[in-house]
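Student: Quick one: the structure is below, questions incoming.
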Amino acid sequence: MSRATPLRPISLRRSVLSVPAINRRALEKIAGLDCDAVIFDLEDSVAPEKKAEARENLRAFFSGPKPVGKERIIRINALSSGFGADDLELVLALEPDAVLLPKVDEPQDVIDVGDRLAEADAPESLRIWAMIETPRGILNAAAIAEAGRTPASRLDCFVVGLNDLRKETGVLPQPGRAYLVPWLMQVILAVSAYGLDAIDSVFNDFRDAEALDAECGQGRAMGFAGKMLIHPNQIEAANRHFGPDEAAIAEAKAIIAAFAAPDAATLNVVNLDGRMVERLHLVQAERLVHKARLIAQRSAALRQAEG
Ligand code: COA
Ligand code: MG
């Protein structure tokens, strides 16, 4: 008999902004931005001869006040690259919410880092995120996600990287991402089977608001929890598309009310204005309302921090 995937706690990951760790001006901007999470990038946005300086920038940043309402993730270089070991040392020293591993090809890539964190007695709160951005990463997405089943693995979230994947496969960047959708949905299936989040890939053309809007809507419809972003002007669209809108909140509240009626206590299906609603929709509705509450709490905390 199959077991249902346990419902994971909701994390707000609508907008996940990448900030090159070499860019001090961009680092200074973070406190004033409305993104749910920040990826401090030590990998591809930092030139090899600048890696050490980028690590120093992060040391300075993390010694300052913690940005309100934002998950902090450090993207390291591959352990095989010659930079990865020093990056991981930095992660152990700074204890962000997560370390993001680039170009994860197979479960062992995640297990190796989990072992190193355990050896170093890293706090359990330090999670592992994985970039799925290579042909092998896509092919092995389910096996990698399954490796996250054990609590000791720390695996929490996948981030799709289409720039690398397009480079490796020759798929051209096209509106609608038709040839990529089958692979993106493999990733969604893998995270859904094993209870992780998936974040959609970056959209490079940061001045094209209309195309970003379309891609955010598509990512939300596919089941992604949020989008990785490269520029502050992409945050608003991601927050809007990946957060529940007013109509969805109102509908969720109506579903909760319908099942809360005294005569619905023993019903598994109810009639909501001519539409069948099942008890499974109740769980979704409660999660959606909870998410809306988290968003409201986060906005209040940000307003308070701004004084
Ligand atoms: N995080 C924080 N602030 C950022 C930012 C980011 N990712 N990208 C741009 N900004 C800031 C700039 O510093 C600039 O601030 P200023 O007006 O005070 O100087 C402001 O936003 C406007 O930026 P703009 O002039 O439009 O762009 P730019 O030329 O400074 O930067 C990029 C464009 C693409 C180089 C930059 O957005 C970037 O480096 N993005 C992240 C790239 C990355 O992380 N890649 C790896 C993952 S794919
Ligand atoms: Mg990449």
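The values are calculated or read from the model by the stated rules, or taken from the named source; none is laboratory data. Note that the structure is a prediction, hence the values are computed from the model and not measured. Cβ coordinates were reconstructed from backbone atoms using ideal geometry, including for glycine residues, and neighbour counts include every protein chain displayed.
Student: Taking segment 90-123, which residues are at positive phi and buried (at least 18 other Cβ atoms within 10 Å of the Cβ)?
Tutor: Taking segment 90-123 as the starting set, the residues that turn out to be at positive phi are 95, 103, 121.
Scanning segment 90-123 gives a single hit, K103.
Student: Additional query: Kindly indicate the residue of segment 164-180 that is assigned to a helix (DSSP H, G or I) and surrounded by 13 or more Cβ atoms within 10 Å (Cβ to Cβ) and also nearest to ligand 2 (Cβ to nearest atom) among those meeting that condition.
Tutor: To start, the set of residues in segment 164-180 that are assigned to a helix (DSSP H, G or I) comprises 164-169.
Okay, now just the ones that are also surrounded by 13 or more Cβ atoms within 10 Å (Cβ to Cβ), so 164-166, 168-169.
Working: D164: 4, L165: 9, R166: 11, E168: 10, T169: 13 Å.
If we take residues in segment 164-180 being assigned to a helix (DSSP H, G or I) and surrounded by 13 or more Cβ atoms within 10 Å (Cβ to Cβ), then D164 is nearest to ligand 2 (Cβ to nearest atom).
Student: For segment 257-294, give me each residue that is more than 20 Å from R14 (Cα to Cα) and surrounded by 15 or more Cβ atoms within 10 Å (Cβ to Cβ). Outline the logic, then answer.
Tutor: Going through segment 257-294, the residues more than 20 Å from R14 (Cα to Cα) turn out to be 257-283.
Scanning segment 257-294 gives A258, F259, A264, V270, L272, V277, H281, L282.
Student: Which residues, counting only those in segment 192-231, are farther than 23 Å from A143 by Cβ, assigned to a loop (DSSP other than H, G, I, E, B) and within 16 Å of ligand 2 (Cβ to nearest atom)?
Tutor: Within segment 192-231, V202, F203, N204, I230 meet the criteria.
Student: OK, next. Take segment 29-61 and flag every residue that is in a helix (DSSP H, G or I), within 11 Å of ligand 1 (Cβ to nearest atom) and among the small types (G, A, S).
Tutor: Kept after step one, since they are in a helix (DSSP H, G or I), are these residues of segment 29-61: 29-32, 48-61.
Applying the additional criterion that residues be within 11 Å of ligand 1 (Cβ to nearest atom) yields 29-32.
Of everything in segment 29-61, those that are in a helix (DSSP H, G or I), within 11 Å of ligand 1 (Cβ to nearest atom) and among the small types (G, A, S) turn out to be A31, G32.
So that you can scan it fast, the table gives a plain yes or no per residue for (1) polar (S, T, N, Q); (2) more than 21 Å from V113 (Cα to Cα); (3) crowded, with 18+ Cβ neighbours inside 10 Å:
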residue	(1), (2), (3)
A37	no, yes, yes
L42	no, no, yes
K50	no, yes, no
V68	no, yes, no
L88	no, no, yes
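Student: Right, here's the next one. Is one or more of the residues making up segment 71-81 more than 22 Å from L33 (Cα to Cα), among the β-branched types (V, I, T) and modelled with pLDDT of 95 or more? Talk me through it step by step, then tell me what you get.
Tutor: Just the residues of segment 71-81 that are more than 22 Å from L33 (Cα to Cα), to begin with: 76-81.
Okay, now just the ones that are also among the β-branched types (V, I, T), so 76.
Filter again for modelled with pLDDT of 95 or more, leaving 76.
Checked against the condition, which is being more than 22 Å from L33 (Cα to Cα), among the β-branched types (V, I, T) and modelled with pLDDT of 95 or more, segment 71-81 yields at least one hit.
Student: Name the single residue that is surrounded by the fewest Cβ atoms within 10 Å (Cβ to Cβ) among those in segment 135-157 being in a loop (DSSP other than H, G, I, E, B) and basic (K, R).
Tutor: Taking segment 135-157 and keeping what is in a loop (DSSP other than H, G, I, E, B), we get 140, 148-150, 154.
Filter again for basic (K, R), leaving 149, 154.
Values: R149: 13, R154: 21.
Filtering first and then ranking leaves R149.
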